[in-house]
Structures are given as C-alpha cells and as structure tokens.
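Every read-out reported here was derived from the displayed coordinates using simple, explicitly stated rules and does not represent laboratory data. Quick caveat: nothing in here was measured; it's all calculated off a predicted structure. Here the Cβ positions follow ideal geometry from the backbone for every residue, glycine too, while neighbour counts run over all protein chains shown.
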Amino acid sequence: MISKWSEWKRYPRAGKGENIEAPISPGIYEVRFAGTGALHSFGAVDNVAQALALLPVASKSWFGRGEPARLPELEYRTCATSTKAAAKAAAERMIGRRETYMSGAA
C-alpha cells in the first residue's frame with residue numbers, strides 16, 4: 001500500500017540544527033533543487049528518514065580548509081509504503097510515467 005506524497009520541505013542545512021521529517025519505514029523520497037525544480041535524488045528504500053540523512057548533499061571546498069562549500073537550496077518530499085517492494089513498484093511506475101512524458105515532450 002502506498003500513501004500520498006508529503007508537502008515539499010526545505011532540506012536541512014548542515015550546522016543549523018534542522019531535522020529531517022520523514023517516515024522511519026519503507027517508501028520513496030524525492031529531492032530537488034528549490035530554484036529550478038530539477039531532480040537531485042530519487043529512491044525507493046527500506047527507511048526513508050535514514051536514506052535522506054545519508055544523502056551526499058554537502059561537499060568540501062578545496063580552498064576553505066575543509067569547511068563546506070556553498071550548498072544549493074534543496075527541497076524534499078516523501079511517500080511511505082507498507083514494504084520496500086511496494087516502494088520499488090511505485091518508483092518504477094513513476095519513472096515510467098516520466099519517461100512517457102519526456103518522450104512526448106521531445
């Protein structure tokens with residue numbers, strides 16, 4: 001069973017004490033660049049909160065003595081499912097719809 005998508009939320013910024021609000025269950029996540037809406041990350045996982053927390057969204061600056069480089073503004077949304085198999089099936093349907101849309105738009 002698949003629930004509905006959450007609202008878009010700002011991805012927590014490192015060092016600001018912000019938290020990820022996501023289910024600790026199987027599901028799908030989508031991360032996008034806030035300014036353009038371009039896709040950053042997408043996945044079907046066993047634990048949505050953990051997957052979002054482990055995403056490599058920060059990078060080290062070569063010139064900043066190990067301080068984080070300026071990060072893009074990201075947003076994320078989540079969709080809980082009852083199992084990882086249901087999450088994978090829903091993700092595959094979404095990918096199929098996107099491919100169909102893009103092939104018609106080209």
Which number in (1) out of contact with any Asp or Glu (no Cβ under 9 Å at 6 or more places or on another chain); (2) touching a residue at least 24 places away in the same chain (Cβ under 8 Å) marks the one condition that Phe33 misses?
(1)
Across region 18-33, what is the total count of residues that are under 22 Å from Arg93 (Cα atoms) and more than 13 Å from the chain's Cα centre (by Cα)?
2
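Looking only at residues that are aliphatic (A, V, I, L, M) and touching a Cys at 6+ places or on another chain (Cβ under 7 Å) in region 1-49, which one is surrounded by the most Cβ atoms within 10 Å (Cβ to Cβ)? Steps first, please.
Residues of region 1-49 that are aliphatic (A, V, I, L, M), as a first pass: 1-2, 14, 20, 22, 24, 28, 31, 34, 38-39, 44-45, 48-49.
The next check asks that each one be touching a Cys at 6+ places or on another chain (Cβ under 7 Å); those that pass are 2, 28.
Details: Ile2: 15, Ile28: 23.
Among them, the one singled out is Ile28.
Within region 1-52, how many residues are outside any loop (DSSP other than H, G, I, E, B) and β-branched (Val, Ile, Thr)? Outline the logic, then answer.
Here is the first cut: in region 1-52, the ones outside any loop (DSSP other than H, G, I, E, B) are 2, 9-10, 27-33, 39-45, 48-52.
When the remaining residues are screened for being β-branched (Val, Ile, Thr), the result is 2, 28, 31, 45, 48.
Residues flagged as outside any loop (DSSP other than H, G, I, E, B) and β-branched (Val, Ile, Thr) within region 1-52 amount to 5.
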Cβ pairs under 8 Å, 6+ apart, first in region 44-57 and more than 16 Å from Arg32 (Cα to Cα), second assigned to a helix (DSSP H, G or I)
Val45/Ala51; Val45/Lys84; Val45/Ala87; Asp46/Lys84
